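The values are calculated or read from the model by the stated rules, or taken from the named source; none is laboratory data. Just so you know, these numbers come straight off a predicted model, no measurement behind them. Glycine also receives a Cβ, built like all others from the backbone with ideal geometry; neighbour counts cover every protein chain displayed. Surface accessibility is based on the protein's heavy atoms, side chains included, excluding ligands, DNA and RNA. Shrake-Rupley method; radii C 1.70, N 1.55, O 1.52, S 1.80 Å.
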Number of protein chains: 2
Amino acid sequence: MARSTHIPFTQVTITGGLWQQLMTTNRQVTMPIQHQRCRETGQLTAWRGTGDSHIFWDSDVAKWIEAAAYCIASHSDPKLEAQVDQVITDMAACQDDDGYLNSHFARRPRSERWSNLRDGHELYCAGHLMEAAVAWYHATGKREMLDILCRYADHIDHTFGPKRTQCHGYPGHQEIEIGLVRLYEATGTERYLRLAQYFVDERGRDRRGHYFDHEARARGENPADYHHKTYEYNQSHLPVREQTDVVGHAVRALYLYAGMADVAAHTGDASLLTACKKLWGNLTERRLAIIGGVGSRALNEGMAGDYDLPDAGGYNETCAAVALVFWAHRMFLATDDAQYLDVLEQSLFNNCISGVDHSGEQFFYGNPLAAEPGFDGNDVYNSPGHNYRRVPWFGCSCCPPNIARLIAQMPGYCYAQRGRTVSTCVYADCDAQLTIGGKAVALTQRTDYPWDGRVDLRVTDNQAGTWTLALRIPAWCQGATITVNGTAASAAITRGFARIKRDWQVGDRVVLKLPMPVRQVHAHPRARQIAGQLALCRGPVVYCCEETDNGRDLSNIRISATTRFRCKPGPSELGAIPSLHATVQAEDLSTWRGSLYRDTPVPLRKRPIVAIPYFRWGNRAPGAMRVFLQRG
Amino acid sequence: MARSTHIPFTQVTITGGLWQQLMTTNRQVTMPIQHQRCRETGQLTAWRGTGDSHIFWDSDVAKWIEAAAYCIASHSDPKLEAQVDQVITDMAACQDDDGYLNSHFARRPRSERWSNLRDGHELYCAGHLMEAAVAWYHATGKREMLDILCRYADHIDHTFGPKRTQCHGYPGHQEIEIGLVRLYEATGTERYLRLAQYFVDERGRDRRGHYFDHEARARGENPADYHHKTYEYNQSHLPVREQTDVVGHAVRALYLYAGMADVAAHTGDASLLTACKKLWGNLTERRLAIIGGVGSRALNEGMAGDYDLPDAGGYNETCAAVALVFWAHRMFLATDDAQYLDVLEQSLFNNCISGVDHSGEQFFYGNPLAAEPGFDGNDVYNSPGHNYRRVPWFGCSCCPPNIARLIAQMPGYCYAQRGRTVSTCVYADCDAQLTIGGKAVALTQRTDYPWDGRVDLRVTDNQAGTWTLALRIPAWCQGATITVNGTAASAAITRGFARIKRDWQVGDRVVLKLPMPVRQVHAHPRARQIAGQLALCRGPVVYCCEETDNGRDLSNIRISATTRFRCKPGPSELGAIPSLHATVQAEDLSTWRGSLYRDTPVPLRKRPIVAIPYFRWGNRAPGAMRVFLQRG
């Protein structure tokens, strides 16, 4: 299957704008803090066998190593490099002679290994370590961790597979599918791709009873005692090609789909891509929070059903948004269809980067669409959405290193290429070195995207002659204009791209203007929790109203078609962001003294409102927040 | 303190209308079913010492006995009477020589008695038994159960109190306060009133550390391990006179407040009534669901905070609504202010009688304001509001006998009297025998209330000469008219009553007309889950739209000021109820194919809707339901 490839992080340098700010904070603040917190929890030294180790700890450290790799690729950092090398040394010492590697199970009887794929997270941790090993290898050229993970992958490949002597299991928490494909891409060892394919194909096939039932009985447990009750939770209820609805635990689901897209891309298996497209349709037409969030409910950290999109209770785990970026990116690369990049951006600029605060020190696990003010000290009831605050770390701290590795790899989302076509994916101020037909091409991109829709591209080197520049026109954009060297270019938009084929000369300048009015976005009327309400969006960024700017009363704000917004810089404590200002109608609360319900229409009065980008909420005094506002 | 008294169930006979239907079903269907289910669970025979007994079982049987008493008062039923007598015989045999009576603790070591007031429910069960004993005595004249409960009350009075040798505790689940006052009213034994007063006064006083902390440590437990975490849960966080917000477990809270009102009424303690009024203000201005429901959250079966009024997740336990009727009734009797009757009706005609289905066979524990359609078999997530159905019984089955005893005592809510003033409270087709100044008075009331606002009152006997008829004008009503013998009467409305003083003659006829247009009710804009939406009400009855009448799409219905409703009989399978019919605007779902969000205003189309009384929802095919609808 012909497919696009992304221009990797090693070939793109971010040179300004939001991404540079996020990446700098990530590198300078978040990475050292995560190192310190992993040391404090014991996660960092768990490979040494001292202290305890939890079943998912290896994965957290793996994601931090992966983030470190991307950081080092752009900014040499001997201290960070030495920290990672130390972990790799510990990891090597922990690895078994047969290749097995897991700091938790290293402390347990050998018989427990692979005995509980459903809950044990061994394959999940292995996958994250593989991703980290490949990134570390690409960033530093050092092979040690890659070799460790190849040995582990060999062991897993020996253990799992279709042969009678092999285990016919698959992960209860998907991720290894992605890791194995990464390892295959880095090493060319086709066995790794085949093993990823095996895990995808075997999942939920249930030839002679469900695999997780078998292994539960082998442990002496009743399969019916499964904590999460149904195999929808881990997407093993059906063979993957028969799955049509996004169900269960959101991160598990999206890592699986990303793995399916990976396997499809490398094997040419159209049936897998077809399954992915069906699942994509279900997600984006029925189950995607406006911030690009997946998994509406805390109970299963996942899906409840079609059109279940709660605002205050919305879970929208940071990890699930990161996973959606991964899946969307793979879907785009497989199809060249920019619809996938629209969703990638929706998640990236909203749910994903909401996961870390402006200072880079505190994190969100869930990302609700509304928060309510504190409840008079009655803390018996305290669930997501209530007194919601960012915190320094979590008991299960998957999200902080996940957002760190995503931000660090942002350069990889700027461009993609298929043959002699170079596509812009997510606009950002950056310089890129490309190779077209084996010849060097260099591009600069100057923009303040996502705050401003003007994108200024220059060809700074072109040894490749004629090639096509495909400019992404986001789905939210109406009236985009393009000039080439000052002359209007009329390029038909196909699959979300305006394509300009040209014998590019050094100095050629392309200016793209994407108008960015404030958009009032309606949700599907079946989304009962937000039906009839409006969200404010500008470009790819979703906005919200916070108590600290607006007072506690956000539920009486009414947005109408005639509401005029002014876009102004600030608040300054949140960095260089624009906020939206307007005067709106609001129900007059002073008329409600002494009553909770009334028959008569409610008098309205004017009030000012300020909306800030959603991803910057929860950085100031805790309080109420709303994305969806009343229709006026 | 001068106060009104209600005209008891023994003096009022329901002769038609909704109440007669509900009482007949309750007597003929619900009572035998509850007897059978209590027999099947072992609750009915738990006094015999066979099988197990749960800590709250005695209370369920007590409420069934109380309901049986009211049923027998209106309709002789030797079989039911024999069933109750058998239970009383078992109860007598179970009672300890010292008067102690509890089927659960009878099976446990003696040392466990009164060792865990916080969680053990002994005083709660005792209170319900006292209420039942008094009702049974009034209905049948039989003293046996009353004597049993007096002995038990004597034992409790000996055990608890201010003396050094006594236990300074109070119930973790309130109810005994009400029971003791009932016992005092029936027997005149003032010690019972003083003990109720002690429990009220001692609660949350925390002179030398919290009582529940003391008893936890005495059991060898850490008080911090308390499952419900804070003493707001059982309203022992502060002395009752310092409590201003309705917090914690709703049923506990409302039974306490009813007990406070009882003690205030009999002792003249104005400070208790003042505390009740503050709590009432907090409840009705900030925390009361439109159906008259209290306790928005399942987590604590109680309160979350001001303006927390979720629709789909709303808990609104049937027992809490029943308890609100009790409290509201006492507040009215203490103040003669009809505002309390407005809330009593709001709860009675909506949340309370929603607790039992039309057939009388199945029950609701929680009563949400919205239900969502089933979720594609993904039953990992399944919480109240989802696939919501009535069921035959509950593991903790407090609600079914509570609604049974409430329906059976409905006649007691028709009239109240203070001196020579007779007040109508809840209108119903009934005959009443009263005594004014020691002289007989008889009234008939003919009405189809709450379906029709015409109330036809006739004086059928009057030996008492001049007295005042106080006709309640509900707060929801505008433009009430009154005629006396066909002539318009102009009576000023004070505290919710139009008062007519007259030397009544036999045959005098008063016709009250309460206009009942469909009202579109707005919630306070701070009630964020329902802000900007509308509920349909007619008279005291809240309406809802169900999937079975309207299809699954209820979230796109828009109600506007110009919407015209027709009131028609039916659906026939729900009894003689009127439903509301209208043609409304609705977002056109056909324009949403393939999208979940959109920037452009949504085209509207006309659609018909049908709304039925809320209390009759969930009687047909399970599916979506909404009380609050979009504003058009």
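Per residue of A:531-540, what is the mean number of Cβ atoms on other protein chains within 10 angstrom of that residue's Cβ? Partner-chain Cβ atoms within 10 Å, mean over residues of A:531-540: 3. Note on the range B:496-632: the C-alpha convex hull projects to 12.3 nm² when averaged across all orientations. Between the range B:233-300 and the range A:183-231, the C-alpha centres lie 54 angstrom from each other. Residue-wise HN-Hα couplings along the range B:257-266, as the Karplus relation 6.51 cos²θ - 1.76 cosθ + 1.60 with θ = phi - 60° gives them from phi, are 5, 4, x, 4, 5, 4, 5, 4, 4, 8 Hz; Gly and Pro carry x.
Coupling constants for the range A:330-342 follow from the phi torsions by the Karplus curve (6.51 cos²θ - 1.76 cosθ + 1.60, θ = phi - 60°), and in residue order they are 5, 5, 5, 4, 6, 10, 6, 9, 5, 4, 6, 6, 4 Hz; glycine and proline get x. In the calculated pair distance distribution of the range A:583-632, what percentage of Cα-Cα distances lie above 16 Å? The calculated P(r) of the range A:583-632 puts 56 percent of pairs beyond 16 Å.
Given a 1.4 Å probe and the protein chains as shown, A:HIS358 ends up with an accessible area of around 60 Å². Across all Cα pairs in the range A:106-219, the calculated P(r) in 5 Å bins from zero up to the longest distance comes to 2, 12, 22, 24, 18, 12, 6, 3, 1, 0 percent per bin.
The shape of the range B:1-114 can be summarised by an equivalent ellipsoid whose semi-axes, obtained from the alpha carbon gyration tensor, come to 31, 19, 12 Å from longest to shortest. The H on the amide N of A:CYS544, modeled in the peptide plane, is under 5 Å from the matching H of A:ILE612, A:TYR614, each at least 5 residues off or on a different chain. Note on A:LYS513: lysines with a C-alpha under 27 Å away, same-chain residues under 8 apart excluded, are A:LYS501, A:LYS568. What separates the A:GLY51 label point from its copies, with the point 7 Å along Cα to Cβ, is 5.4 nm, written shortest first. Computed over the alpha-carbon atoms, the range A:437-580 gives an Rg to Rh ratio of 1.09, Rh here being the Kirkwood radius from the mean inverse distance.
Compactness check for the range A:269-411: Cα Rg over 2.2 N^0.38 Å is 1.10.
Per residue of peptide B:516-526, the mean number of Cβ atoms on other chains within 10 Å of the residue Cβ is 6. Per-residue 3J(HN,Hα) values for the range A:593-605, derived from phi via the Karplus relation 6.51 cos²θ - 1.76 cosθ + 1.60 with θ = phi - 60°, read 4, x, 9, 10, 9, 8, 8, 8, x, 8, x, 10, 9 Hz in sequence order (x marks Gly and Pro). Partner shielding of B:549-555 amounts to 3, given as the average count of beta-carbon atoms from other chains within 10 Å of each residue beta-carbon. With semi-axes defined as the square roots of five times the eigenvalues of the C-alpha gyration tensor, the equivalent ellipsoid of the protein assembly as shown measures 64, 36, 26 Å, largest first. Label point of B:GLY479 (7 Å along Cα→beta-carbon): distances to the other copies' equivalent points are 5.0 nm, sorted ascending. When all protein chains stay in place and ligands, DNA and RNA are ignored, the 1.4 Å accessible-area order of A:ASP119, B:ASP508, largest first, is A:ASP119, B:ASP508. Computed over chain B, the convex hull of the alpha-carbon atoms projects to a mean area of 29.3 nm². Here the scattering of the range A:165-207 is modelled by Debye summation over its C-alpha atoms, one equal scatterer each and no solvent; at q = 0.18, 0.29, 0.32 Å⁻¹ the log10 of I(q)/I(0) is -0.51, -1.01, -1.11. Quick check: Cα centre of the range A:19-41 to Cα centre of the range A:488-543, how many Å? One Cα centre to the other: 32 Å.
Amide H contacts of A:ARG499 (H built 1.01 Å from N, in plane; Pro and chain starts excluded): A:LEU471, A:ALA492, A:THR494 sit under 5 Å, all sequence-distant by 5 or more or on other chains. Would you list which lysines come within 25 Å of B:LYS63, measuring only between C-alpha atoms, while excluding same-chain residues fewer than 8 positions from it? In chain and number order, the partners are B:LYS79, B:LYS142. Across the identical copies, the 7 Å label point of A:LYS568, projected outward along Cα→Cβ, sits 5.5 nm from its counterparts, in ascending order. Here the protein assembly as shown has 48 percent of its accessible surface on carbon and sulfur atoms, given a 1.4 Å probe and all protein chains in place.
The magnitude of the dipole of the range B:415-513, with charges of +1 and -1 set on the Cβ of Lys/Arg and Asp/Glu and taken from the Cα centre, is near 400 debye. Put simply, the convex hull of the Cα atoms in the range B:415-513 casts, on average, a shadow of 5.7 nm².
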